[in-house]
């Protein structure tokens, strides 16, 4: 069943900067590895007219269904292939659809406002929802399974490793104590545990006390770092020589993977960096879209 959360407006981050550096030209082929609400895809389609093609992928089948309905009513429809799937599997997905190596690829590693606010999957700590956090609605791995199944040590290490939460051990201990009475199955239950586990003036109010723990669980549930590592290793099977790759990350572990992969490929003579340092949103974009504040864009040419 599709959740009706696409009524919300999702604003693509660093859209101008990413599209300018990707420089889609008429009749070129592109890959959108993280389709989401389609903000980058629409801009690419407009610039690659009249015969350019787009292969768009998303783990979230609701995103795929929404964009398919949208695109069917446009003149772009014959130029688009939309596929539910993991971007780590792009070479196989493109091969199955007879899509050639592309002139460029974009991947926005954040998750959309729609997923945060109205998916009902527990991505946000501001609502009481089932503790799921999976992009793929058919995934058997959930945040509840981790919270209720991992040992105290495993939980503490996971939270600390993926989010650098200083109170990870204390949070893990209190989770284990609480679940002995009954399973933790909602976001509110987990948030209450986290709040009781950290000092009253946690981070001096700069972020919600549950921010880092929720980030760590989301990364673990969706194998985000493993999938990104695999995508980075396979870029040359996706994009042809001379093609451009733009990746937008939102947290330090992701950005380090992208930076290190681009740097190594450049050292080997396989890539040319188009951004010496990551591009970040300006003050105006952050004012208009607060979720953009942590975004970093890196672009390279193969």
- Query: Pick from 292, 246: which is surrounded by 20 or more Cβ atoms within 10 Å (Cβ to Cβ), farther than 23 Å from residue 131 by Cβ and modelled with pLDDT under 95?
  - Reply: 292
- Can we say residue 194 is within 28 Å of residue 256 (Cα to Cα) and either at pLDDT below 95 or not assigned by TED's automatic domain parsing to the domain that holds residue 293 (or both)? yes
- Query: Which ones in the stretch 266-289 are surrounded by 15 or more Cβ atoms within 10 Å (Cβ to Cβ), in a loop (DSSP other than H, G, I, E, B) and either out of contact with any strand residue (DSSP E or B) (no Cβ under 8 Å at 6 or more places or on another chain) or at pLDDT below 95 (or both)?
  - Reply: 281, 289
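For (1) within 18 Å of residue 138 (Cβ to Cβ); (2) touching a strand residue (DSSP E or B) at 6+ places or on another chain (Cβ under 7 Å), each residue gets a yes or a no:
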site: 35; (1), (2): yes, yes
site: 39; (1), (2): no, no
site: 45; (1), (2): no, yes
site: 49; (1), (2): no, no
site: 56; (1), (2): no, yes
site: 65; (1), (2): yes, no
site: 77; (1), (2): no, no
- Task: Would you check if residue 263 is at pLDDT below 95, surrounded by fewer than 18 Cβ atoms within 10 Å (Cβ to Cβ) and in a helix (DSSP H, G or I)?
- Result: no
- Message: Can you list the helices (runs of 4 or more DSSP H) lying wholly within the stretch 161-237 that have 1 or more residues being over 30 Å from residue 105 (Cα atoms) and free of Cβ contacts under 8 Å to residues at least 60 places away in the same chain?
- Response: 168-179, 187-197, 211-221
- Could you check, for the stretch 244-261, whether at least one of its residues is over 20 Å from residue 35 (Cα atoms) and in contact with a strand residue (DSSP E or B) (Cβ under 7 Å, 6 or more places away or on another chain)? yes
- Can residue 57 be described as without any contact (Cβ under 8 Å) to a residue 60 or more places away in the chain and farther than 24 Å from residue 294 by Cβ? no
- Which of (1) assigned to a helix (DSSP H, G or I); (2) loosely packed, with under 15 Cβ neighbours inside 10 Å is the odd one out, the single condition residue 155 does not satisfy? (2)
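The values are calculated or read from the model by the stated rules, or taken from the named source; none is laboratory data. In this text the structure is predicted, and so the values were computed from the model without any measurement. Methodologically, a virtual Cβ is constructed for each residue, glycine included, from the backbone with ideal geometry; neighbour enumeration extends over all protein chains shown.
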